[in-house]
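Notes for the one structure printed next.
The values are calculated or read from the model by the stated rules, or taken from the named source; none is laboratory data. The model shown is predicted, which means the values in this text are computed figures rather than measured ones. When we count neighbours, we look across all protein chains shown, and the Cβ atoms used for this are built from the backbone with ideal geometry, even at glycine. Surface accessibility is based on the protein's heavy atoms, side chains included, excluding ligands, DNA and RNA. Shrake-Rupley method; radii C 1.70, N 1.55, O 1.52, S 1.80 Å.
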Amino acid sequence: MQSGPNFLQQDYTKNEGLKVRSLTTADVPSLSRLRSDVLDGLADAELYSRETDEVGFLHAHIGETGPGETLGVFDGHELIAYGMIGFPDKADPVGFARYICTDPSDFARTAELASCMVSARYRGRHLQRLLLAKRIELAQSRGRHLCVAMASLRNHVSRHNLMREGLQIGWVGEICGLKRHLLILDLSQPRALNLGITQWVDAADWKRQQYLVQNGWWGVDTVQSSQEGNTLVFAR
Ligand SMILES: CC(C)(COP(=O)(O)OP(=O)(O)OC[C@H]1O[C@@H](n2cnc3c(N)ncnc32)[C@H](O)[C@@H]1OP(=O)(O)O)[C@@H](O)C(=O)NCCC(=O)NCCS
């Protein structure tokens, strides 16, 4: 499996000229526009659910106004991609970390890799992975060693990129009525799994996946089986 640092060294030149920086409140209108364009262009609305409180969500992920941050990728002055990170301190009723934090003290060591979008014109340049690698570094620098991300069972590209950066499926279930994976990377404790014995499951077969994760299996790889379908590989 490819790792984050190697990926950054190999691929960053492809994105020469693009700049990454933390967004401020002055960037909120551009962020809002980018989200709106991406959401309007989704082929499948299930891939990403709209926020009920969009303004509150954005401000919660801008360092000046909330506990989280958003890294933006700029081509000149144009915001063309972003990745958000949240730093929960306690059970947040809308945050997804609560599904994996079993002890209240877990929240203080957790970072939510909350949301990422790439403008359609800039896809295929691995910008999600660039933003993931940078947010994982940021989480580590804040002492947040448990990184968690959420993906729709149907979002094969996003899940693929998350897994290439080392996240593994550790939770499968419904969040607000939508079928979701939670992918986890524990930077303080690499998981020792026996990759010699694996179970291969259709990405749509969420009951089987749920059974596996509840019985100590982790989703460790994804294989694209067709344009529409993916097979997930579990190990424990
Ligand atoms: C998901 C998203 C952020 C990814 O953007 P991106 O960084 O441009 O992603 P890329 O196109 O560079 O990803 C390329 C990788 O996806 C893989 N991929 C493409 N189609 C795939 C498919 N159907 N199944 C599995 N993998 C696929 C490619 O093989 C490539 O993998 P590689 O790097 O191992 O060769 C972008 O599509 C987006 O903004 N989508 C809408 C919002 C969204 O879904 N956000 C994520 C929410 S969790």
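Looking only at residues of region 52-65 that are within 17 Å of SER30 (Cβ to Cβ) and of a type outside the set (Val, Ile, Thr), we find that the one that is nearest to the chain's Cα centre (by Cα) is HIS61.
Yes/no per residue for (1) under 15 Å from the mean Cα position of the chain (by Cα); (2) on the phi > 0 side of the Ramachandran plot:
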site	(1), (2)
HIS126	yes, yes
SER141	no, no
VAL148	yes, no
HIS156	yes, no
HIS160	yes, no
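Residues of region 18-41 that are assigned to a loop (DSSP other than H, G, I, E, B) and open to solvent by less than 50 Å² (accessible area, probe 1.4 Å): LEU23 alone.
A count restricted to region 157-175 and to residues that are near the ligand (Cβ under 7 Å from one of its atoms), under 17 Å from ALA43 (Cβ atoms) and buried (at least 19 other Cβ atoms within 10 Å of the Cβ) stands at 1. Counting the residues of region 105-124 that are within 7 Å of the ligand (Cβ to nearest atom), open to solvent by less than 30 Å² (accessible area, probe 1.4 Å) and over 16 Å from the mean Cα position of the chain (by Cα) gives 1. Anything in region 210-236 that is assigned to a loop (DSSP other than H, G, I, E, B), under 15 Å from ILE184 (Cβ atoms) and either free of Cβ contacts under 8 Å to residues at least 40 places away in the same chain or among the acidic types (Asp, Glu) (or both)? List them, or say none. Residues satisfying the conditions are GLY216, TRP217. Test ARG144 against the stated conditions and say whether it is of a type outside the set (Asp, Glu), touching a residue at least 24 places away in the same chain (Cβ under 8 Å), part of a loop (DSSP other than H, G, I, E, B) and surrounded by fewer than 21 Cβ atoms within 10 Å (Cβ to Cβ). Here the answer is no, as ARG144 does not meet what is asked. From the list ALA192, ALA204, the lone residue that is open to solvent by 60 Å² or more (accessible area, probe 1.4 Å), of a type outside the set (Ser, Thr, Tyr) and out of contact with any Leu (no Cβ under 9 Å at 6 or more places or on another chain) is ALA192.
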